Structure formats: structure tokens, C-alpha cells
């Protein structure tokens, strides 16, 4: 019987990083719930929800080359600390907007853009920092637990955000701001320092190196792009306020419950993968998991029963976690440290920002087709993408071992 993989928690710096991960994820998820519900309550518009997603996405897209290069040239700890401080200030601004009301709607969009700028720098910095805190043999375990930290907070965050929203959105934004301050303090407590390497000149060629690296690695390109289109087409989470309010007839507590169920499925799968990591047929299992994700989207889209909707969201979260685990392990294990910032920035655009773009796409589709048809079409599109990617990226569909020697 094989022994379990080395634990990432043996590293003191990783334990501190893990705490920061939980706190920042908790604050982010609380703000997402509050922002969505606040925008919809002020406008009663699916289009307004889509604009929130677009305002979050554009900065990440436009700053990707710059933020990745910055993460590879400067102290990643310091970058994360500054970004979390900025996000805490944005939370204070959103608190003020919540107190002002409908007349502050444009300010909410402006602050959401600033939030996207801060995230565009913090994401590649923290993603590139994490692999340097653990030995290579513990990398898969570290990725599973880091993703689990995000998902664990995603269970508590939406539910807590929905509960606190009863007392007003200002309470949610104030609480989130304090969590981002605490997250910055945790990053500051990391003792490990990056070994100084020769800094490449700040040219367009070096900035584009991350894109070239991914393009030359068919397995990584296939995994990242598969997740991109799956999340883009499956952006039903942007429409959860509509499902909670108009279809399932629940309030803010129901919205928090719906969002949390995605994370319940994801964290259970993350714990399973941390204890029993994928050993063989990693590529085929990723493709199968995305297909299951698409089927669950269709079930959720047509459901008018709260319990069936929760079950569909649970399956969506669990299947998406397999895809995330495979993709992140491939990217982190096959990327040299000197390029991790740039590659992570590109990955963030493909994956992290695709969540916001998917929300925008779903909002627009819902405004044109209606809420239920938009979600069902997205699920069908996800299944089509799996079929195409199986043909276009044979290296991914045939990938066996996740981490190759």
C-alpha cells in the first residue's frame, strides 16, 4: 500500500500562506454576494449583474502582461500585501456606496474596476509564491489544500455574507475589509525569501514569454483553454440572484445557500484529491469531469426545485474541482520559477477572469433569451467544447501521469 503524499503543512510558511488564503477567499466571497444582491436590488436588472462581471474582468485582461512580469521581477510577498491593502480600501468605498444607495451605482462599478486591478496583481503573485514554500513532492498536496482553503471559505463566505446582509450591505463590506487586512498581515509573516535571480529586461518579448510558454506546451494549453470555455459557457453563478429571487423564491439566505453548495462539492472533492491524488489517466479524467459539469449545468438550469438545484450545484462544484486540480498541478509543476508570475497571469486571464466574463456572457444571454434558456445553452455548449477538445488536444486526452519526472 502506497504511503500518502508529503504534507504541505510541514512547512511553517505554507501554514501562514494557507491562513491568508482562507481569509482573502472569505472576504472575496462575502463581497461577491453583497455586490450581486446590492446591484440587483438597486436595478432589478440582469444586465446590471453582467456589468459587475465585466467591470471585474477587464482590468485582469488589460493588466495581465504587466502584472505577470511584475510578479517575476519583484518581491511577490510585497505585491500581495499591497494588493490586499488596496482591496481593503475598496471595501471601505463599497461600504460608503451601500450607505448612499442607488445614486452611487456608477461609483460601485468604478470600485469594482479598482478591485479587478488589485486582483490582477495579487493573483499571479500569490500563485507564483505558493510553490516556493513547499518541496516539489508536496506540490500536489499544497495545491489541493490551497484550493480547498478557497472552497472552504466559499462555503462560509456566501452563507455569512447572506446572513450579514440582513443587517445591511455595509456590514458585509466592513467585515470583508477587516479580513483582507488580516490576510495582508499573514503574508507579511512569511519568512521565506525568494532567491535573487538575474532580472530579465522589461521588454515586450519578456512580457509575452508566458504566452509563448503556454502555446508551446499543448497539454497546458489544452487544460487551460478547456477550463476557460467551460467556465465561460457555464457562468450560471451570475444568475443565482435571479434564481434565488424569481425562480426558487428564496431571499438572501437562499442565495448564500446556492453559492455555498458549489463549494461544498468542491471542498469534498479537494479533500479526496489531497488524500488520494490522481495517479493515472489525469487527462481523460479532466475531460470527463468537465462533461459532468456541463450536464449538471443543464439540470440546474431547468430545475424549479430548491433541493434538486442544490444537488446540481454540488455536482458542478465537485466536477469543477477535478478540472482545477489537474490544471493547476500541470501549470505549477511544469513552469520554471523564473516564469511562474507571467504564466500564472496568463492562466488568471484564461481561468480566473473567465469567471467574470462568464458572468457577463450569462447576464447578456439571460437578457436576450431569458434566464433558463441561457443556462441550458451554456451547459450544452460545455459538452460541445469537451468533444472538440478531445479531438484538438490529443496530448491532453492521452496524458497519464499528472506530475512527470
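Residues in the stretch 230-248 that are at pLDDT 80 or above and either touching a strand residue (DSSP E or B) at 6+ places or on another chain (Cβ under 6 Å) or not in a helix (DSSP H, G or I) (or both): 248 only. Candidates 104, 25, 88, 98: the one that is touching a helix residue (DSSP H, G or I) at 6+ places or on another chain (Cβ under 7 Å) and without any contact (Cβ under 8 Å) to a residue 12 or more places away in the chain is 104.
Scoring residue 199 on the criteria (1) surrounded by 13 or more Cβ atoms within 10 Å (Cβ to Cβ); (2) touching a helix residue (DSSP H, G or I) at 6+ places or on another chain (Cβ under 6 Å); (3) assigned to a loop (DSSP other than H, G, I, E, B); (4) modelled with pLDDT under 75 leaves a single failure, condition (1). Since residue 209 meets every condition but one in (1) at pLDDT below 75; (2) touching a helix residue (DSSP H, G or I) at 6+ places or on another chain (Cβ under 7 Å); (3) surrounded by fewer than 18 Cβ atoms within 10 Å (Cβ to Cβ), which condition does it not meet? Result: residue 209 fails condition (3) only.
The values are calculated or read from the model by the stated rules, or taken from the named source; none is laboratory data. Please read all numbers here as calculations on a predicted model, not as lab measurements. Positions of Cβ are backbone-derived with ideal geometry, glycine not excepted, and every protein chain shown enters the neighbour counts.
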